[in-house]
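Student: Have a look at this one before I ask anything.
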Amino acid sequence: MTEILNGVVLANNIKRKTKTRITKLKNPPGLAVILVGDNPASKLYVKLKEEAAKDVGIYVEKFEYAADTTTEELVAKINQLNARQDIHGILVQLPLVQQNVDVVISAIHPAKDVDGFHPENRKALLNNAPVLVPPVALSIMRLIQATRRSLAKCTGVILGNSETFAEPIIELLREAGVPTSLVKRDTPAMSAITRAADIVIVAVGEAAFLKPDMVKDAAIVIDVGTNKVGNKTVGDADPTLEGHVGSLSKVPGGVGPLTVAYLLTNVLKAMEVQQRERSE
Ligand code: GUN
């Protein structure tokens, strides 16, 4: 029997608590969302984030830009948003089209960086002084905790393409006592490495990539893939993993909704950090 880790239920709990906390505030937290170009997946993610934020009482302003907008134009908008007291979180939906992502992300004031992507926030996490942690990393940790399994002597593997994506997850797992490495899909002996791991996080961006013979029977598998097959969204894990592994977070209904919920808690956290900084 495979235990299915339900991200929707966990996300609804978080959103309910966040909404209650926001109801008690004098002013709502504010979130600015910047969307560049017309990538349909990005548009959908932004819509989901915007709806969820409004639902819990966050004030949202969305800024849409053409694909050929310059890096400087985006930085100018971010500088305006950095200076506004009613905007506590700034989210730039990625990927950008042709703009310099490092310059754009670094322009966000670290206290407003609700995605946790700013170099200062990344450094703070590695120095055991986390402030704003990437929602996707929080979401993966929450799903693993939901198994209630002891993580002692466990090891993890992230199957993915990006060090930037993997770094905060590796750090949180390390703090939980789980040594974890990033394995790229072209790594020789990839399957032998994934088969040895107790926790496998897959984010390669290919439908049905992770097959049952690539993971051990009792493994916890967290699927972070989002792929379109026809008009369906599917993850990176082959559907036959269900029934084979110990615990499985599937797509849809796993990491995605939980990541949105943690974005909202980050907006609230950002507001608290900024109010504390102003009163100091
Ligand atoms: N694109 C894919 N995932 C993310 C994310 O977590 N944050 C942002 N801003 N863009 C993304």
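Student: Quick one: is K26 in contact with a strand residue (DSSP E or B) (Cβ under 8 Å, 6 or more places away or on another chain) and among the charged types (D, E, K, R)?
Tutor: Judged against the criteria, K26 is not a match.
Student: Give me the residue from the range 22-73 that is open to solvent by less than 20 Å² (accessible area, probe 1.4 Å), of a type in the set (A, V, I, L, M, F, W, C) and assigned to a helix (DSSP H, G or I) and, out of that set, nearest to the ligand (Cβ to nearest atom).
Tutor: V46
Student: In the range 207-253, which strands (runs of 3 or more DSSP E) lie fully inside it and hold 2 or more residues that are touching a residue at least 12 places away in the same chain (Cβ under 8 Å) and surrounded by fewer than 23 Cβ atoms within 10 Å (Cβ to Cβ)?
Tutor: 227-229, 232-234
Student: Then there is this: Of (1) open to solvent by less than 60 Å² (accessible area, probe 1.4 Å); (2) more than 16 Å from the ligand (Cβ to nearest atom); (3) in a helix (DSSP H, G or I), R174 satisfies all except one. Which?
Tutor: Among (1) open to solvent by less than 60 Å² (accessible area, probe 1.4 Å); (2) more than 16 Å from the ligand (Cβ to nearest atom); (3) in a helix (DSSP H, G or I), R174 violates only (1).
Student: Just to be sure I understand the filter: pairs with C-beta atoms under 7 Å, separated by 6 or more residues or on different chains, first member in the range 17-44 and at positive phi, second member within 16 Å of the ligand (Cβ to nearest atom) and open to solvent by 60 Å² or more (accessible area, probe 1.4 Å). Which pairs pass?
Tutor: Filtered contacts from the range 17-44: G37/V97.
Student: Here's a follow-up. Every residue in the range 132-168 that is under 12 Å from the mean Cα position of the chain (by Cα), within 18 Å of K250 (Cα to Cα) and among the β-branched types (V, I, T), please.
Tutor: Listed by number, the residues that qualify are V136, I140.
Student: For the range 254-280, give me each residue that is open to solvent by less than 30 Å² (accessible area, probe 1.4 Å) and of a type in the set (G, A, S).
Tutor: G254, A261, A270
Student: Inside the range 88-101, can you point out the residues that are surrounded by fewer than 17 Cβ atoms within 10 Å (Cβ to Cβ) and within 14 Å of the ligand (Cβ to nearest atom)?
Tutor: L94, P95, V97, V101
Student: I'd like the residue in the range 186-204 that is open to solvent by 50 Å² or more (accessible area, probe 1.4 Å) and at pLDDT 95 or above and, out of all such residues, is farthest from the chain's Cα centre (by Cα).
Tutor: A192
The values are calculated or read from the model by the stated rules, or taken from the named source; none is laboratory data. Just so you know, these numbers come straight off a predicted model, no measurement behind them. Here the Cβ is made from the backbone with ideal geometry for all residues, glycine too, and neighbour counts use every protein chain on show. Heavy atoms of the whole protein, side chains included, go into the accessibility calculation; ligands, DNA and RNA do not. Shrake-Rupley method; radii C 1.70, N 1.55, O 1.52, S 1.80 Å.
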